[in-house]
Structures are given as C-alpha cells and as structure tokens.
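Quick notes on the structure that follows.
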Amino acid sequence: MTAPMPGAVPADLFTPMRGADATIVTRIRAARAAGRIPVVGDVRWPDAVWRAARGPLKGPDARALLAAAGVRPGLAGADLPWATLTSGTTGTPATIVRSAASWRASYRVTERLVGLAADDVIGIRAPLSSSLTLFALGHADDRGLPFVPGAGMPARAFADRVTIAHVTPSQLARLLDGLADARGVVRPGRLRAALVGAAHLPDRLRLRAERAGLLVVAYYGAAELSYVAVARHDGLHPIPEVRTRVDADGTLWVAGDLVAAGRLDPPDRPGLLRRDGDWHTVGDQVRRTPSGALELLGREDGAITTAGVTVPPAPVERLVETVPGVAAAVVVGVPAPVVGALIGCAVEPEDATADPAALVAACRRTLASRLPATHVPRRWRVLAPLPLTASGKPDRRAILAALGATAGQAVPQGAGKARAR
C-alpha cells in the first residue's frame, strides 16, 4: 500500500479519552468504527500531564506519522492504525503509532506461542491505558473473541472467564495468590495460558504457574517493537518473525513487520525510538551468550554509574531473584555525593512475615559470591509488596524514594510496606 502525502491526513484524527474500563472499551470501538484513532490516557494522571500528553497529537509530525502508518481517506475500523501512550512514569507520556498490519503480525505471534481456539477469551490485568491492554483488545476484536478488562476484577472471577491472560510477573504472582485455596493449591479455572512480559519472570514463579497447569510464555519486547524474544531455559531467543543485531556497545536493534510506525515524543523525552534504515532500537542493552541467547542488561539510560564503574541493573536483579524467599527485586541508583550513586535494591519477599534482616543477609551472601564488590547493592529495602505502576511494572520512582530514605525513616505513601536495612 502506498502511503498518502501528509497533507491528505486530517490533523484531528486522534481522539483522546479517559474513563472507567467498561466505558472506555465501548468508546474505543465506537471511535474506530467512525474512522478515528483513540488515544487512551490513565485516569490517575494529573490534568497537567494529560494536557501535555495530548499536545503532540496535532500538527505536521502527527500527520506524517499517521501517513506512514497507512492512513488514507475513508479508512475505518480494523484497518485503522493504533495509538498507545507510554506510562508516564519517567516524564510526559509519548504516543506510539503502529499500523494495523504490524499488530496483526503480532497477533499471529501470540497464536503461534499459545494457540487460539474458537472458545478462547482474552483478558488483561492492566488498565485500558496500557499498550498491552489495547493490543489484547485489538487481538480479541480482530478474531471475534470476547475481551475481559480485568484490572480490578477478583482473581477467581477473572480466571473463571478468561482462557488467555496477558500479565506482568507481579500481576501473575498476585493472580496465583488469589487463585490458591487454603492449602496453597492454585485452582486456575478456565485459565490455560499466561503471556508474561514487561519484566524478568523468576524461575520459581514460572514453575508455580506451570505446576498449576498453565502454559507460560515469558517474552521480551517493547511497546515500540512488539515481541522480540521468548524465554527458554538458557535465556531469551529472538522469535523467527524478527531480525536482531547487537552493536559493539551492546545496543540491540530489531527489524521486521512487527515494529511501530514511530513515536510522537514530548519535548522532555525526545528520541527514545531510533532508526537506522530498516533497523530500530529503544536503547536496550544486551549480551549474546555462547548459546546465541540474549541476556538483557537494561536500557542504556538505566545503567548505574557508581565510583566510576557502570553497573547494569538487570543481571543484579535476576541474581537476587534466585535467593530463596525473594519474590521480586528492583535495582536502582540512589544519588550520593562523591561516588555519583549508590546501588540500591528493593526486595519483595514471598512471605510478607519473613524476617527482613535474614532475607537481606541471604541476598548479600549470594551476590558477594557471584559478583564484583562494586556491583553488590549498598542500600536495601524489603517492601511487601513492591510498588507497581498502573500497568503492573515496578514503580521505580517510589522504590527510589524508599531506598533514598534513611534507615528508620517513614517511607512515602505508595512505596509499599517497607522495612529498612
């Protein structure tokens, strides 16, 4: 299909909206049927953030991006591009625009990974402002299947309706907790498959879900790139639908039909998605292992520099999560004089009543035996549970606030129940 000139695309094709899940699903479908592209904001954002997010939706950059995504006069319904907003946890939300064809290619990846039957029901545990939620809604509608927006739904009601769930690791853990009986046995109801993204899936959590009878597919991707790699026993392996390359500095580049048309970046967050011909990157850093798998090190702007040493947080987090009793871990840099930053680690215990001192001591022993001293966190907090964003990802701002507080001080509300060490 030949893309039209930008001038042929209306300047006001985007339709911003916010509201309760049930209402928003109806409004999304109505907007697309009318030939408009819904842009769903988080109801929890302050009005100033929501206004700033809507700002880039008009003007020549928006029209050019829509043209690149395949917009033409009279286009409506399933053939319209999709637009999603980033979470806004690190600045003004950006708008990601992708063609309908790119998501249809991604739907086929989902079906290859978990299968699809006529009686399947696709569900999500995140709010409708999440890009993953809109992807799941688009998939369900494209295939004529029911869609369940289950962000606030009790676990049992969700599992009794949904067969395929898109979740983050934290959402999966809490869903399994809600499905466990008095003896701790998980009863999954109709739920048969979980697609787990947005963060590393700890092995113990995967095994718990699999023992309950679930097909678990853990993957790495990004809102701008869609699926990139699927986890196997030896690491993340690129899916056959994409091509990958790793530059000398460790930057991962991706090419293929699944990639978004582009981003509308706000002034305070320019240029996260970069292009080099057919290749695209969001700045994620990786290392290729001898088996050909990808080891994710984190995003290039997320590395921690402490006393002149650069420490990628992801490998430290994964190692902490191997410690018995640890459900999840998040590593951040805590600003400090002289050294620039101290490495801090927030740990969510599997048992909220666990002794925090003993748990931190076990983590320190494991890391001291496996990592250089420069990579071992100096600040620790046990948070039960870890604070999450609306999309189910760790809330790094709240975690940084908790780690930045002096031991014994009160932790800001929203940072979880914390015990300092």
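Return the residue satisfying two criteria in turn: it lies in region 279-330 and is of a type in the set (D, E, K, R) and farther than 20 Å from residue 245 by Cα, and of such residues it is modelled with the lowest pLDDT.
318
Please determine whether any residue of region 79-92 is hydrophobic (A, V, I, L, M, F, W, C), in the same structural domain as residue 197 (by TED's automatic domain parsing) and free of Cβ contacts under 8 Å to residues at least 40 places away in the same chain.
no
Return yes when residue 339 is β-branched (Val, Ile, Thr), surrounded by 16 or more Cβ atoms within 10 Å (Cβ to Cβ) and in the same structural domain as residue 380 (by TED's automatic domain parsing) and no when it is not.
no
Matching residues to (1) in a strand (DSSP E or B); (2) at pLDDT below 95; (3) buried (at least 18 other Cβ atoms within 10 Å of the Cβ):
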| position | (1), (2), (3) |
| --- | --- |
| 204 | no, yes, no |
| 208 | no, no, yes |
| 213 | no, no, no |
| 218 | yes, no, yes |
| 229 | yes, no, yes |
| 245 | yes, no, no |
| 249 | no, yes, no |
| 253 | yes, no, yes |
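Anything in region 231-255 that is touching a residue at least 60 places away in the same chain (Cβ under 8 Å) and either out of contact with any helix residue (DSSP H, G or I) (no Cβ under 7 Å at 6 or more places or on another chain) or not aliphatic (A, V, I, L, M) (or both)? List them, or say none.
The answer is 232, 235, 236, 241.
Kindly evaluate residue 323 against the criterion of being in contact with a Cys (Cβ under 6 Å, 6 or more places away or on another chain) and aliphatic (A, V, I, L, M).
Spelling it out, residue 323 is indeed in contact with a Cys (Cβ under 6 Å, 6 or more places away or on another chain) and aliphatic (A, V, I, L, M).
Among the listed residues 240, 266, which satisfies the condition of being surrounded by fewer than 17 Cβ atoms within 10 Å (Cβ to Cβ), part of a loop (DSSP other than H, G, I, E, B) and more than 18 Å from the chain's Cα centre (by Cα)?
Only one candidate qualifies: 240.
Which condition breaks for residue 198 when tested against (1) of a type in the set (A, V, I, L, M); (2) touching a Lys or Arg at 6+ places or on another chain (Cβ under 6 Å); (3) free of Cβ contacts under 8 Å to residues at least 12 places away in the same chain?
(3)
Yes/no matrix, rows are residues, columns are (1) buried (at least 22 other Cβ atoms within 10 Å of the Cβ); (2) over 30 Å from residue 231 (Cα atoms); (3) at pLDDT 95 or above; (4) over 20 Å from the mean Cα position of the chain (by Cα):
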| position | (1), (2), (3), (4) |
| --- | --- |
| 22 | no, yes, no, yes |
| 25 | no, yes, no, yes |
| 33 | no, yes, no, yes |
| 54 | no, yes, no, yes |
| 72 | no, yes, no, yes |
| 88 | yes, no, no, no |
| 97 | yes, no, no, no |
| 113 | no, no, yes, no |
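Residues in region 273-292: is at least one over 28 Å from residue 104 (Cβ atoms) and touching a His at 6+ places or on another chain (Cβ under 8 Å)?
Taking every residue of region 273-292 in turn, at least one turns out to be over 28 Å from residue 104 (Cβ atoms) and touching a His at 6+ places or on another chain (Cβ under 8 Å).
I'd like the full set of residues that are in a loop (DSSP other than H, G, I, E, B) and touching an Asp or Glu at 6+ places or on another chain (Cβ under 7 Å), limited to region 306-334.
Matches in region 306-334: 325 only.
Checking residue 374 against (1) at pLDDT below 90; (2) part of a loop (DSSP other than H, G, I, E, B); (3) touching a strand residue (DSSP E or B) at 6+ places or on another chain (Cβ under 8 Å), which single condition isn't satisfied?
(2)
The values are calculated or read from the model by the stated rules, or taken from the named source; none is laboratory data. The structure presented is a predicted model; accordingly, all values stated were derived computationally and were not measured. So basically every Cβ, Gly included, is an ideal-geometry build from the backbone, and we count neighbours across all protein chains shown.
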